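> This is the structure I have questions about; it appears just below.
The values are calculated or read from the model by the stated rules, or taken from the named source; none is laboratory data. Just so it is clear, the model here is predicted, and its values are computed rather than measured. All Cβ positions, glycine included, derive from the backbone under ideal geometry; neighbour counts span all protein chains shown. All accessible areas refer to the heavy atoms of the entire protein, side chains included, with ligands and DNA or RNA removed. Shrake-Rupley method; radii C 1.70, N 1.55, O 1.52, S 1.80 Å.
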Amino acid sequence: KWENKIFISPLNDFEFEHKGTDSVTINRDGSFFYQLPQKNANLHLFRLQIPPRNGRSNSLIEGPAENTLYVYLPAKGTIQLFADADSFFYSAQILAGGINDKLLKYREYKKPFRDMQLKVQKRITAFPDSADQYKAQIYEEWLKEIDLFKGRVKKEIIRSEDPAMILLGL
């Protein structure tokens with residue numbers, strides 16, 4: 001249900017000022033190769049997005065199938081990215097270390113929400129007649145998770161020398 005392209009938008013540091021969008025075709029085996037154009041050599045932060053089939057290239061999907069990922073490219077060298085299309089954001093692994101490790105660490109804070117959404121979707125699909133009742137049941141659990149999430153984020157921001165990195169990772 002996904003396109004066979006990844007759209008790559010270089011960003012100006014943390015200002016999210018777009019410098020154009022590139023795309024790369026995903027090969028049949030799921031691999032792709034992208035080389036940073038020389039004109040963007042001084043940019044290091046990129047937004048990668050895989051759109052749904054027949055969707056717009058900038059279709060932003062939230063929730064369990066989140067399709068947007070931010071990646072930091074070092075000035076020299078390469079990185080390797082591994083991800084599943086159907087959970088691009090949550091399944092991504094980046095072999096490069098440094099800032100990307102931090103970005104992925106903060107992503108983990110959102111996983112409980114993803115897990116609960118998947119649980120709700122599965123339950124509602126199996127028992128559509130009791131959807132409203134189940135949503136009411138899970139509401140309290142959802143509110144508790146929101147409080148835990150806010151507490152974790154607040155602690156990280158207080159301890160951090162770079163709160164923008166935390167927010168970007170989230």
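> Go over the candidates 89, 149 one by one and state the one that is of a type outside the set (S, T, N, Q) and surrounded by fewer than 16 Cβ atoms within 10 Å (Cβ to Cβ). Please lay out each step first, then the result.
On the way: 89 fails: surrounded by fewer than 16 Cβ atoms within 10 Å (Cβ to Cβ).
Every option except 149 fails the conditions.
> Residue 96: open to solvent by less than 50 Å² (accessible area, probe 1.4 Å), closer than 29 Å to residue 9 by Cβ and hydrophobic (A, V, I, L, M, F, W, C), yes or no? Reasoning before the result, please.
Working: open to solvent by less than 50 Å² (accessible area, probe 1.4 Å): no; closer than 29 Å to residue 9 by Cβ: yes; hydrophobic (A, V, I, L, M, F, W, C): yes.
Taking the combined requirement at face value, the residue does not satisfy it.
> Turning to a different aspect of this structure: What strands (runs of 3 or more DSSP E) completely inside segment 46-125 contain at least 3 residues that are touching a helix residue (DSSP H, G or I) at 6+ places or on another chain (Cβ under 7 Å)?
Working: elements: 68-72, 80-82, 93-95.
Here the list reads 68-72.
> Condition first: open to solvent by less than 70 Å² (accessible area, probe 1.4 Å) and of a type outside the set (D, E, K, R). Now tell me which residues in segment 152-170 satisfy that. Let's see the steps before the verdict.
Looking only at segment 152-170, we keep the residues that are open to solvent by less than 70 Å² (accessible area, probe 1.4 Å), and these are 153, 156-157, 160, 162-166, 168-170.
If the condition is that a residue be open to solvent by less than 70 Å² (accessible area, probe 1.4 Å) and of a type outside the set (D, E, K, R), then 153, 157, 160, 163, 164, 165, 166, 168, 169, 170 are the ones that fit.
> OK, next. As an exercise: evaluate residue 136 against (1) free of Cβ contacts under 8 Å to residues at least 60 places away in the same chain; (2) closer than 26 Å to residue 92 by Cβ; (3) not aromatic (Phe, Trp, Tyr) and give the number of the one condition it does not meet.
Failed condition: (2).
> Which condition does residue 137 not pass, out of (1) touching a helix residue (DSSP H, G or I) at 6+ places or on another chain (Cβ under 6 Å); (2) modelled with pLDDT under 85, if it passes all the others?
Checking residue 137 against (1) touching a helix residue (DSSP H, G or I) at 6+ places or on another chain (Cβ under 6 Å); (2) modelled with pLDDT under 85, the one that fails is (1).
> Filter segment 92-120 for residues that are at pLDDT below 85 and polar (S, T, N, Q); which is farthest from residue 146 (Cα to Cα)?
Among them, the one singled out is 100.
> Would you confirm whether or not segment 90-99 contains a residue that is more than 30 Å from residue 3 (Cβ to Cβ) and not acidic (Asp, Glu)? Reasoning before the result, please.
So the first thing to find is which residues in segment 90-99 are more than 30 Å from residue 3 (Cβ to Cβ), and the list is none.
No; the residues of segment 90-99 include none that is more than 30 Å from residue 3 (Cβ to Cβ) and not acidic (Asp, Glu).
> Quick check: is even one residue across segment 114-132 among the hydroxyl-bearing types (Ser, Thr, Tyr), open to solvent by 50 Å² or more (accessible area, probe 1.4 Å) and within 30 Å of residue 28 (Cα to Cα)?
Initially, segment 114-132 is screened for residues among the hydroxyl-bearing types (Ser, Thr, Tyr), giving 125, 130.
Applying the additional criterion that residues be open to solvent by 50 Å² or more (accessible area, probe 1.4 Å) yields 125.
Next, from what is left, pick out any that are within 30 Å of residue 28 (Cα to Cα): none.
No, segment 114-132 contains no residue that is among the hydroxyl-bearing types (Ser, Thr, Tyr), open to solvent by 50 Å² or more (accessible area, probe 1.4 Å) and within 30 Å of residue 28 (Cα to Cα).
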